[in-house]
Amino acid sequence: MRKSRFTPEQIVGILQEGEAGGTIAEVCRRHGITQTTFHRWRHKYGGMPASDAKRLHALEEENRQLKRLVADQALNLQVVKDLLGKKW
């Protein structure tokens, strides 16, 4: 998955800028993002303080690592079962 150019704090700042009264098109043009991205961010981070957004990002990264670890363990378990199940 591609890494975002913006940190969660920057994303919250951009969303607050959009809520402050500027048009969405103007905010998007100034920051070089599409309106679709702005709306996706608003759906995900809307009304969230920067500290919570940073915590959410850290938890998502931890979850990604844990899922990878579980997948590796399941693969190792399957290999062991295949080896033990064969007749020598």
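The values are calculated or read from the model by the stated rules, or taken from the named source; none is laboratory data. All values derive from a computational prediction rather than experimental measurement. Glycine gets a Cβ as well: all are built from the backbone with ideal geometry, and neighbour counts include every protein chain shown. For the accessible areas, the whole protein counts, side chains as well, though only heavy atoms, and no ligand, DNA or RNA atoms are used. Shrake-Rupley method; radii C 1.70, N 1.55, O 1.52, S 1.80 Å.
Data for the structure
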{"quantity": "Number of positions in the stretch 28-41 that are open to solvent by less than 80 Å² (accessible area, probe 1.4 Å) and outside any loop (DSSP other than H, G, I, E, B)", "calculated": "6"}
{"quantity": "Residues that are in a helix (DSSP H, G or I) and of a type outside the set (V, I, T), drawn from the stretch 1-27", "calculated": "P8, E9, Q10, G13, L15, Q16, E17, G18, E19, A25, E26"}
{"quantity": "Failed condition for D72, given (1) open to solvent by less than 90 Å² (accessible area, probe 1.4 Å); (2) under 19 Å from the mean Cα position of the chain (by Cα)", "calculated": "(2)"}
{"quantity": "Count of the stretch 4-15 residues which are without any contact (Cβ under 8 Å) to a residue 40 or more places away in the chain and surrounded by 12 or more Cβ atoms within 10 Å (Cβ to Cβ)", "calculated": "6"}
{"quantity": "Answer from A20, A25 - the residue that is modelled with pLDDT of 90 or more, among the small types (G, A, S) and surrounded by fewer than 12 Cβ atoms within 10 Å (Cβ to Cβ)", "calculated": "A25"}
